[in-house]
Amino acid sequence: MSDLPKFSSRIFLAPMAGVSDPALRLLCKEMGAGLVVSELTSIHAIIAKERQLQVENKKISEFIEFSEKERPLSVQLFGSDLEALGRAAKIVEPFFDVIDYNMGCPAPHITQQMAGGALLQNIELTQKIFKTLVSSVKKPVTLKMRAGVNGQFLFKDIAKVAQKEGIKMITLHARTVRQGYSGKSDWTLIKDLKEMVDIPIVGNGDVTSPELAKAMIDETGCDYVMVGRGAMGNPFLFRQINDYLRFGSYQEYSAKHRIEMFLKYADFAINYNIKFSNIRQQAMRFTKGIMHATKLRPQIMLAKTVDDLKSIIIEASY
C-alpha cells in the first residue's frame, strides 16, 4: 500500500451528504483545503452504477464526480458487506488518491445497515473490513469515526485494530453517534487518540473559526484538522485558518465576498450533476447572516434554475 499523498495544508474539508459536492470542494480547495473528501457513498451503489455505466461505455467518475483540480482527493465509502466492499474499493481506486472508510455517520438509515457509526460496536467485523480494504487496493486507506455509540467511548479499541491492519490515518469526530451534532465535542478524546497510535490523527468537531482550529491543534497535538459545518457557505475559512496558523492574523470577508463566492460556486455547479435542491440550499448557506437575508430566503426557495438564483442574489447585492 502506498503512503499518504502530500497535503498542501493541515486543514481538510469533511465529507457532508448533500453539501460537499464537487463545486463546493473545488472552492474549498482553491481557498486552501489540504484535502477534500467526497460525500459518503454506498459500496452497493458503486457496484450497481458501474454495471450501468459499463453498458453506456462510461466510467464511475460519471457517478462520483470530481475535478482534477481537487487533488489530492479522497473518496469516502460505507457498507459492511466484505465482498462488495473489496469490489467497490477496486472500482474507485484508479480515480482517487485516498480511500476513506466511514465509521462515523450517525444517520439512522446508515446505522440500521450495520454501517457508519454502528460499526463501532462490532470490532470483529471492523477488523475484517480494514483487512479487506487494505488488501484490495494499493492506494492508502484512511478511517473516519466517532468516539462511540452511546456513552461508551469505543474508539480506542478500533484505533488499535486500524493501525495494526494498515490504516494510514484516522479522523476522530469527538462526539458519540447518539449525540449526532448536538452538545460539545470532547477534544480530550482526540488528544488521547494521538497519544496512543503512531499514525497521523485528524481532529474533527466544532472548528468554526481560525482561533478554534489553532486551539484544537495546541490542545490535542493532532496532525490535521477537519472542518465540516464551519465551511458551509464559508470556504474562506480555509484561507483564514492557514493564515492564522502561519502569521497569527487573517482577513475578514464581507457579505459582498460571500455573494461573489456563491456566484462562483453556481458557475462551477453547472458542470456537475448536482441536484438543484442542493444548489438552492447552498445559496441559503452563502447568504446566511448577510443584510436582507430574511427577505432573500423566500425568493431563493421559489427559484427554479441556477440562473434564477444568480439573478436573485445579484439583485440583492445592489
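Any read-out appearing in this document is the output of simple, stated calculations on the displayed coordinates, not a laboratory observation. In this text, all values refer to a predicted model and were calculated from it rather than measured experimentally. Cβ: placed from backbone, ideal geometry, glycine included. Neighbour counts: every protein chain shown.
The HN-Hα couplings worked out from phi for region 272-289 by the Karplus form 6.51 cos²θ - 1.76 cosθ + 1.60 (θ = phi - 60°) are 10, 8, 8, 4, 4, 4, 6, 5, 5, 5, 4, 4, 4, 5, 5, 9, 4, x Hz, whole numbers, x standing for Gly and Pro. Under the criterion of Cα pairs below 8 Å and six or more residues apart, the relative contact order for region 255-316 equals 40 percent. Excluding same-chain neighbours fewer than eight residues apart, the aspartates and glutamates reachable from Lys6 by a Cα-Cα span under 12 Å are Asp97. Spin-label pair Ala293-Lys128: with each label point 7 Å from Cα along the Cα-Cβ axis, the two points sit 4.7 nm from one another.
Of all aspartates and glutamates in the structure, those lying under 15 Å Cα to Cα from Lys310, and not within fewer than 8 positions of it along the same chain, are Glu260, Asp267. For the chain, the longest principal axis of the Cα atoms and the long axis of helix 306-316 meet at an angle of about 50 degrees.
Couplings 3J(HN,Hα) for region 118-123, derived from phi with the Karplus relation 6.51 cos²θ - 1.76 cosθ + 1.60 (θ = phi - 60°), are 4, 5, 4, 7, 10, 5 Hz, where x marks Gly and Pro.
Anything over 20 Å Cα to Cα? Flag those among Lys184/Lys214; Lys128/Lys160; Lys58/Lys264; Lys275/Lys295, in the order listed. Don't skip to the end; give the middle numbers.
Working: Lys184/Lys214 17 Å; Lys128/Lys160 14 Å; Lys58/Lys264 28 Å; Lys275/Lys295 24 Å.
The pairs that break the limit, which is 20 Å between Cα atoms, are Lys58/Lys264; Lys275/Lys295.
A simple rule links phi to the HN-Hα coupling: the Karplus curve 6.51 cos²θ - 1.76 cosθ + 1.60 with θ = phi - 60°, which for region 68-74 gives 4, 6, 7, 5, x, 10, 10 Hz, with x for Gly and Pro.
The relative contact order of the chain comes to 15 percent, based on Cα pairs under 8 Å that sit 6 or more residues apart.
Computed from the alpha carbon positions, the gyration tensor of region 122-215 leads to an equivalent ellipsoid with semi-axes of 24, 16, 11 Å, biggest first. Please say if region 251-318 is rounded, prolate or oblate, where rounded means a/c under 1.5 for a ≥ b ≥ c the square roots of the C-alpha gyration tensor eigenvalues, and otherwise the choice is prolate for a/b larger than b/c and oblate otherwise? Because a/c hits 1.5 or more and a/b fails to exceed b/c, region 251-318 counts as oblate. Here the sum of -39500 (n - 2.57) over DSSP H runs of 4 or more residues, divided by the residues of the chain, equals -13500 deg cm²/dmol at 222 nm, to the nearest 500.
Relative to the longest principal axis of the Cα atoms of the chain, helix 155-165 runs at roughly 70 degrees. For the chain, the convex hull spanned by the alpha carbon atoms encloses 131 Å³ per residue.
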